[in-house]
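Q: I am attaching a structure below and will ask some questions about it afterwards.
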């Protein structure tokens, strides 16, 4: 058998998986590496945090995707660094050589140096974040139920979301419905009912990139739900019990969700690759890391010189796919193709019955937009079983105004009790 | 309003919840305390460990059960100890006074002093155990996939289950089907396929309490599946890489599941309550802790003098219910009722299409028994949504021979890489 070039793909997100799909059954040996044994459908991650759907429903085993493939393998390993001059990837299970490398490791939350943000705010970029956030939110209600004094409950029942982009907006709407629906019924001892969701956006309006009318519509809908919008202000500090804003105001809260920005992974620092100021890998139009011939970077981790590409799943898929094509073109001696983002539009859900949709030629909102959002996300979700499960969950929530996954997941079998103190616990519910 | 006696129930398992149900809308104030905010349906816990169903599907929020109740409250707290002479429960959130106490804290795994067992074997008594075990089993396959040498793979691919009772048997059958079905398709690089499930039982036959014929049938069915039965031998030592048996033999394994016995929780030691040798609370026939008038113990944590009660859900439900009745009888000045276990029979599933069922008057096995097991467990599961979800999962697994929840759940957002070492990784799948 003649030598088959080895392509190593780092990351099993949208960019990495679609690159591997493109290389499936082509004359190369492909190895996908991810720290998790599954692909995560990130567009629905916030629904895990809001107790709408179950963890396993947005996860799909990578090995199952490539079961029938003869040339795509997978290993579960943590990538530690890349050594370009040796064509080597160093992982926690060993060193792996490559001929071509596709880096698709995604992004992490950017806190822009805001004091306390990294320490006290919750990111929402991966499954463990969603579990931690869900556990924390539900625990805040349990904790508040021990407090007789309404004033002391305030920081436990204020929920602050930083960032008025799609993730922040969708999570805010979903959280508000969780609070006003099932939690209000569960925590009768917390009446009068004071929980409050706050959404903070530095721009004067939320949802940058949408037409003006839709942005106003979205703001109106969020306000109607009872969400407090703080626009045109930014966060200057996060502490364990409050958030300070640029207008001098403060919100007492123990829950800050940071959906305000992304950057390249911290670990990229010593890989000898060209980075931009946001720690993303600089690539040329063919998606090769600048200065390298056999290293591609795709998805959120990449930044194309002189081209703006939004950090969304369709862009990651298009990039992964093109990088794979360019590797095949190299091997055939064909010219490299240049990346050009095809904007198929975008959509944001605003809770029950409401959404906005924008495409090149169409703009619509309301119920039809909402149905479109549900349908498209269901169709894009990987795995038929996951689709059936998510659909059942959505239908259940819609019909009964319930959220099924309202459990504080214990992550360790040995739970350590917190400090011993004496409080008064209400015995029965107030009528 | 006249004084209403306060009943505190420790634990939201079968015994605790059914006690609370009995006291619902009666002239007492009830507080249920559990470390988790949900009730766990333990009979299906092993299916979470075997990647058959999702975590949230066997959990049901306690608050939701008592939403409409006017006298049953709940707090999520860790019980630290009971101080009987002060009628006080000490929890991590404070001290809680009671007039009547129902202790329903369940049991923990008993390792019978076998060296290494507590340290290296996996218990299977609570949701975090199931997650840890599922993660571990799937990780063993991932780890084995780095090993070129079949001999080194052996301990990673031997799975030893200790205890031939219902839990051990049901888990063994389910694990064997997980391995022979989806995992065999996922890990083509591990061929020739050598994973092996072992079941160890100290008695000469498994499933004590069933008729002889059914016990033989079960053993035959497990063997047919490919499970290696080790009967009449006990475990003398567990190490990180092997299990030693009383007949001098050894099994090389990194996975030992301990389903061999239970005892009362360790923490009971300093509560001043009468305990038996297995650290369970000794109760009289009215289910009161011996020597106390206002403290009841029910479910797995209780041991009735001169009466054997099996540690199963129906017994816990019957005990919880009777303790609640006796409290109401005390308040009305009526005599106390004595507990008498009503054995409604038992059933054990042996994987696909096979089960055994035993009632007072009937014994049957095979497909009809299997359908009965599925139907009964589905009906007993708390929550209509959970039932629909589990049914969908079962149907999916049955039709497609798949297991949906094959994900290694990351429990922390910051994963620490293990020590740096260099291994050879196979690039592509062997054809």
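The numbers here are math on the coordinates, done by the rules we state, and not lab data. Not measured: the values here are computed from a predicted model. Positions of Cβ are generated from backbone atoms using ideal geometry, with glycine treated the same way; all protein chains shown enter the neighbour counts.
Q: Using only alpha carbon positions, build the gyration tensor of the range B:195-277, then give the equivalent ellipsoid semi-axes as the square roots of 5 times its eigenvalues, largest first, whole angstrom.
A: Equivalent-ellipsoid dimensions as semi-axes: 29, 20, 11 Å.
Q: Give the Debye-formula value of log10 I(q)/I(0) at each listed q (0.14, 0.17, 0.23, 0.26 Å⁻¹), with one equal scatterer per alpha carbon of the range A:88-176, two decimals each.
A: -0.71, -0.91, -1.26, -1.39
Q: Highest mean first, how do B:32-44, A:12-24 rank when packing is the count of other Cβ atoms within 10 Å averaged over residues?
A: My ranking of the peptides, most packed first, is A:12-24, B:32-44.
Q: Here's another thing I want to ask about it. Among DSSP beta bridges lying fully in the range B:1-90, give the percent that are antiparallel, nearest 5.
A: 40 percent
Q: Quick check: the distance between the Cα centres of the range B:1-22 and the range A:251-326, to the nearest angstrom?
A: So the two Cα centres are separated by 56 Å.
Q: If you put a point 7 Å past Cα along the Cβ direction, how far is that point for residue A:83 from the same point in each other copy, in nm, smallest first?
A: Ordered by distance, the counterparts are at 6.3 nm.
Q: Same structure, new question: Over the Cα atoms of the range A:96-249, Rg to Rh with Kirkwood Rh, two decimal places?
A: 1.03
Q: What percentages, rounded to whole numbers, describe P(r) for the range A:1-121 computed over all alpha carbon pairs with 10 Å bin width beginning at zero?
A: 12, 36, 31, 16, 4, 0
Q: Still on this structure, please answer the following. Please work out whether the range B:339-398 counts as rounded, prolate or oblate from its C-alpha gyration tensor, where a ≥ b ≥ c are the square roots of the eigenvalues and a/c under 1.5 means rounded, while otherwise a/b larger than b/c means prolate and anything else oblate?
A: It is oblate, given that a/c is not under 1.5 and a/b is not larger than b/c.
Q: Calculate I(q)/I(0) for the range A:306-407 by the Debye formula, one identical point scatterer on each C-alpha and no solvent, and give its log10 at q = 0.10, 0.11, 0.13, 0.19 Å⁻¹ to two decimals.
A: -0.44, -0.52, -0.67, -1.04
Q: Could you give the semi-axes, largest first, of the ellipsoid that matches the range B:206-361, computed as the square roots of 5 times the alpha carbon gyration tensor eigenvalues and rounded to whole Å?
A: 37, 22, 11
Q: Relative to the longest principal axis of chain B, what angle (0 to 90°, nearest 10) does the C-alpha long axis of helix B:212-225 take?
A: 40 degrees
Q: Considering only DSSP beta bridges with both partners in chain A, what is the antiparallel share in %, to the nearest 5?
A: Among the beta bridges of chain A, antiparallel pairing accounts for roughly 45 percent.
Q: How far is residue B:241 from itself in the other copies, in nm, if each label sits 7 Å out from Cα along the Cα-Cβ line, shortest first?
A: Here residue B:241 shows inter-copy label distances of 5.3 nm.
Q: When the convex hull of the C-alpha atoms of chain B is computed, what volume per residue in Å³ does it have?
A: 168 Å³
Q: Determine the calculated [θ] at 222 nm for chain B from helices alone, applying -39500 (n - 2.57) to every DSSP H run no shorter than 4 residues and normalising by the residue count; nearest 500 deg cm²/dmol.
A: About -9000 deg cm²/dmol.
Q: Compute the Cα gyration tensor for the range A:266-310, then decide on rounded, prolate or oblate, letting a ≥ b ≥ c be the square roots of its eigenvalues: rounded whenever a/c is under 1.5, prolate when a/b is larger than b/c in the other cases, and oblate in all that remain.
A: Since a/c reaches 1.5 but b/c is at least a/b, the shape of the range A:266-310 is classed as oblate.
Q: Within the P(r) computed for the protein assembly as shown, what percentage of the Cα pairs occupies the region above 50 Å?
A: In whole percent, the long-distance tail amounts to 22.
Q: Taking each residue in A:228-241, count the Cβ atoms of any other chain within 10 Å of its Cβ, then average. What number comes out?
A: Shielding by partners across A:228-241 averages 0.
Q: Taking the convex hull of the alpha carbon atoms in the range A:126-203, what volume per residue do you get, in Å³?
A: Per residue, the Cα convex hull of the range A:126-203 comes to 96 Å³.
Q: Mind checking the mean number of beta-carbon atoms from other chains within 10 Å of the Cβ atoms in A:74-82?
A: Mean number of neighbouring Cβ atoms from other chains: 4.
Q: While we're on this one: When the Kirkwood hydrodynamic radius is evaluated over all pairs of different C-alpha atoms of the range B:178-221, what value in angstrom, to one decimal, is obtained?
A: The Cα-based Kirkwood calculation yields 12.9 Å.
Q: Where does helix B:313-332 land angle-wise versus the long Cα axis of chain B, in degrees 0 to 90, nearest 10?
A: Compared with the principal axis, the helix lies near 10 degrees.
Q: Over 18 Å, how big is the tail of the calculated P(r) for the range A:1-62, in percent of all Cα pairs?
A: The calculated P(r) of the range A:1-62 puts 45 percent of pairs beyond 18 Å.
Q: Sticking with this one: Measuring from a point 7 Å out along Cα→Cβ, what nm distances, shortest first, does residue A:395 have to its partners in the other copies?
A: Residue A:395 label point versus its equivalents elsewhere: 0.9 nm.
Q: Counting residues in the range A:59-99 as N, plug N into 2.2 N^0.38 Å and put the Cα Rg over that result.
A: In units of the globular-protein estimate, the range A:59-99 measures up at 1.38.
Q: Going by average Cβ neighbours within 10 Å, how do the peptides A:135-143, B:213-221, B:337-345, A:112-120 rank, with the highest at the top?
A: A:135-143, B:213-221, A:112-120, B:337-345
Q: Another question, then. In degrees between 0 and 90, to the nearest 10, how far off the longest principal axis of chain A does helix A:127-144 point, with axes built from Cα atoms?
A: On a 0 to 90 degree scale, this one is about 10.
Q: Determine the shielding of peptide A:131-144 by partner chains: average, over its residues, the number of Cβ atoms on other chains within 10 angstrom of each Cβ.
A: The per-residue average across the peptide is 2.
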